[in-house]
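Asks: Handing you a structure now.
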Amino acid sequence: MKAITFEINGRRYEREVPEYKTLLHYLREDLGFTGTKEGCGAGECGACTLIMNGKPVNSCLVLAVEADGAVIETIEGEAREGKLTIVQKSFDEHHAVQCGFCTGGMIMSVKDLLRRNSSPERAEVIEGIEGNFCRCTGYEQIIEAVLDAAGRGAAEEIRQRDAAASSKKGGRDV
Amino acid sequence: MLHEFAYHRPASLEEALGFLKEKGSAATVFAGGTDLFVNIRAGVAKPGTVVDLKGIPALRTLSWDDREGLSIGACVTVNELLQHPETSRYYPVLHAAGEELATYQLRNRATVVGNIVTASPCGDFGSPLLTLSGEVVLLSADGERRVPLRDFITGVKKTIIKPEEIVARVIVPVTWAGAAGGYEKLKRIKGHDLGVVSVAMIRHNGAIRCAVSSAAPTPVLLPDMPASSPVKEVQDKAQEMISPIDDVRCTREYRAFMVNVFIERLMKHLESARQEASA
Ligand SMILES: Cc1cc2nc3c(=O)[nH]c(=O)nc-3n(C[C@H](O)[C@H](O)[C@H](O)COP(=O)(O)OP(=O)(O)OC[C@H]3O[C@@H](n4cnc5c(N)ncnc54)[C@H](O)[C@@H]3O)c2cc1C
Ligand code: FES
Ligand code: FES
């Protein structure tokens with residue numbers, strides 16, 4: 001076991017974690033963050049995508065101990081008090097969610113894409129979600145949802161939330 | 001589930017090298033873990049301790065200068081390489097190959113050095129780094145050695161690295177800086193598949209250099225040829241040197257055929273790039 005400190009969705013955690021446990025399993029099994037899914041467990045499907053220190057990664061290939069000092073964002077941090085983000089609303093309206101298994105990881109990839117590029121072209125959206133498999137929708141609805149969300153100020157919403165979070169620094173201890 | 005192993009994160013090179021000397025093959029180093037954790041999960045790798053190199057600042061550097069060339073530290077990720085302006089300016093073949101590797105989020109973890117140490121015949125950095133005469137800098141508690149990449153990789157997933165050594169960096173010399181270059185990779189699904197076969201090519205001072213991956217146990221570097229060589233001559237040379245096999249991904253014949261297609265495509269591409277540059 002190793003003692004580590006990390007932040008998830010603005011909350012600080014201090015925990016002892018088993019050294020051989022993946023971040024994905026630790027989040028799901030020990031902390032109850034089950035919005036991040038395990039599809040393949042081997043870096044291929046993207047269902048486990050979360051943002052770690054500002055970069056989307058496949059959490060099935062990251063150890064929990066590697067998250068020491070890290071700032072982590074998962075799908076649970078998106079909707080606040082029952083209010084969906086622009087991206088989430090757009091996924092809903094465009095029927096970009098069917099079974100929902102890919103959605104958590106997909107939305108984290110989209111969030112990162114919109115941070116890097118506030119108004120992506122269609123090809124850039126496709127590239128941005130290249131690491132996220134969806135077995136239901138055929139992708140078309142997802143691409144439409146992202147383009148529409150970008151047109152409705154999704155990147156600006158993300159920027160404002162980032163600014164609010166950084167002015168609050170530190171986070172609450174859990 | 002992963003088997004129970006210990007995790008060690010040294011903060012300096014000295015600490016890491018001392019630890020490896022003591023533990024020998026019971027310890028396995030990693031950077032991105034995109035090969036190692038897949039192998040652990042599959043039961044192929046069973047390290048007692050995994051040693052995370054990312055806490056060592058000296059291994060994070062990615063730098064270019066006009067005497068030493070490009071130096072890619074062990075912890076430099078593929079995305080960091082792709083975002084590095086001098087890499088795309090001076091070594092377009094490396095940039096093109098990096099873009100073909102896996103997916104965006106995987107490239108945030110996967111490293112260039114990890115790719116070389118894995119030494120898969122279908123790894124995307126093997127052939128471009130061969131065309132650029134890449135060199136590998138190995139470190140152990142007993143000292144440093146520097147070997148050309150062509151001598152570093154010895155077989156399918158085999159290299160000359162010793163258990164107590166790490167690769168500190170890969171160096172791309174200035175010799176080929178500025179060479180036009182391209183990379184063609186056949187795969188089934190972009191981002192989710194290793195290459196079925198791939199070809200890297202650069203063109204500089206009237207010469208072309210070409211290397212082929214996934215068509216022999218190690219990436220194969222062809223001898224330098226005049227850029228004015230007929231396409232067929234280069235294709236024949238490649239066919240003479242490769243030894244493709246049948247496997248789950250495709251047949252031997254298809255691999256050999258695609259090598260020729262890619263050579264022709266790259267020679268045309270580099271020729272028109274030259275004409276545009278001189279126009
Ligand atoms: C879904 C998926 C898709 C992939 N697609 C591609 C692809 O398209 N093309 C491709 O080429 N590869 C691909 N890979 C393989 C892999 O991502 C790459 O080889 C990557 O570059 C490895 O880097 P890493 O830092 O993650 O390696 P790690 O897993 O950290 O290490 C790989 C190996 O090298 C050793 N090692 C690492 N660094 C050092 C060092 N500094 N000194 C000594 N030994 C070291 C480790 O012990 C291990 O054996 C894919 C992998 C996955 C999971
Ligand atoms: S579960 Fe991590 S990529 Fe599939
Ligand atoms: S909605 Fe089912 S996998 Fe994407």
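Asks: Roll a 1.4 angstrom probe over the protein heavy atoms and tell me the percent of accessible area of region A:53-174 that is carbon or sulfur.
Replies: 51
Asks: Accessible area drop of at least 20 Å² (1.4 Å probe, protein heavy atoms): which residues of region B:91-115 qualify, relative to the chain alone?
Replies: Buried-area filter returns B:T103, B:Y104, B:Q105, B:L106, B:N108, B:R109.
Asks: Additional query: Give the lysines reachable from B:K21 as a straight Cα distance under 30 Å; neighbours fewer than 8 places away on the same chain don't count.
Replies: Those lysines meeting the cut-off are A:K2, A:K21, B:K46, B:K54, B:K157, B:K158, B:K162.
Asks: Take each uninterrupted DSSP H stretch in chain B, measure its Cα extent along the helix axis, and return the ones at 27 Å or beyond whose mean Kyte-Doolittle hydropathy is at least -1.0.
Replies: B:252-278
Asks: Provide the three semi-axes, in whole Å and in decreasing order, of the ellipsoid equivalent to region B:201-244 as defined by the square roots of 5 times the Cα gyration tensor eigenvalues.
Replies: That gives 19, 11, 6 Å for the three semi-axes.
Asks: Suppose the Debye formula is applied to equal point scatterers at every Cα of region A:2-74; what is log10 I(q)/I(0) at q = 0.18 Å⁻¹?
Replies: Values, matching the q order: -0.60.
Asks: Then there is this: Give the interface area between chains B and A as buried accessible surface, both sides summed, probe 1.4 Å, in Å² to the nearest 100.
Replies: Separately minus together, B and A give about 2400 Å² buried.
Asks: I would also like to ask the following. Could you tally the net charge around B:G98, taking each other residue with its Cβ under 11 Å from the Cβ of B:G98, Lys/Arg +1 and Asp/Glu -1?
Replies: On the way: positive: B:R107; negative: B:E80, B:E99, B:E100, B:D124.
Charge balance in the 11 Å sphere: -3.
Asks: Could you tell me the distance between the Cα centroids of region B:256-271 and region A:107-174, to the nearest Å?
Replies: Taking the Cα centre of each part, region B:256-271 and region A:107-174 sit 38 Å apart.
Asks: Under a GNM of chain B (C-alpha, springs under 10 Å), which listed residue has the highest mean-square fluctuation: B:E22, B:E164, B:E135?
Replies: B:E22
Asks: Identify all lysines with a Cα-Cα distance to A:K83 below 28 Å; exclude those on the same chain that are fewer than 8 residues away in sequence.
Replies: A:K37, A:K55, A:K111, A:K168, A:K169
Asks: Lys and Arg at +1, Asp and Glu at -1: add these up for the other residues within a Cβ distance under 12 Å of A:A96 and post the number. Spell out each step's value before the answer.
Replies: Working: positive: A:K89; negative: A:D92, A:E93, A:E140, A:E144, A:D148.
Around A:A96, the surrounding residues sum to -4.
Asks: If you count only protein heavy atoms with a 1.4 Å probe, what accessible area per residue comes out for chain B, rounded to a whole Å²?
Replies: Accessible surface, normalised per residue, equals 42 Å².
Asks: Per-residue ellipticity at 222 nm for the protein assembly as shown, helices alone: DSSP H runs ≥ 4 residues times -39500 (n - 2.57), over residue total, nearest 500 deg cm²/dmol?
Replies: Counting only the DSSP helices, I get -9500 deg cm²/dmol.
Asks: Note down the relative contact order for region A:103-165 as a percent, whole number, built from C-alpha pairs under 8 angstrom at least six residues apart.
Replies: That works out to 45 percent.
Asks: Using only Cα atoms, locate the centre of region A:32-52 and the centre of region B:21-78, then give the distance between them in Å, rounded to an integer.
Replies: 23
Asks: If the elastic network links every pair of Cα atoms under 10 Å, which of B:S133, B:S229, B:S214 fluctuates the most in the Gaussian network model of chain B?
Replies: Looking only at B:S133, B:S229, B:S214, the biggest GNM fluctuation is shown by B:S229.
Asks: Turning to a different aspect of this structure: What does the charge count around A:E29 come to, taking other residues whose C-beta lies under 12 Å from its C-beta (Lys +1, Arg +1, Asp -1, Glu -1)?
Replies: With Lys, Arg at +1 and Asp, Glu at -1, the neighbours total 0.
Asks: Binned at 10 Å from 0, what are the whole-percent values of the Cα-Cα distance distribution for the protein assembly as shown, short to long?
Replies: 4, 20, 28, 26, 17, 5, 0
The values are calculated or read from the model by the stated rules, or taken from the named source; none is laboratory data. The shown structure was predicted, so the numbers you read here are calculated from the model rather than taken from an experiment. Glycine gets a Cβ as well: all are built from the backbone with ideal geometry, and neighbour counts include every protein chain shown. What goes into the accessible areas is simple: the full protein's heavy atoms, side chains included, and nothing from ligands, DNA or RNA. Shrake-Rupley method; radii C 1.70, N 1.55, O 1.52, S 1.80 Å.
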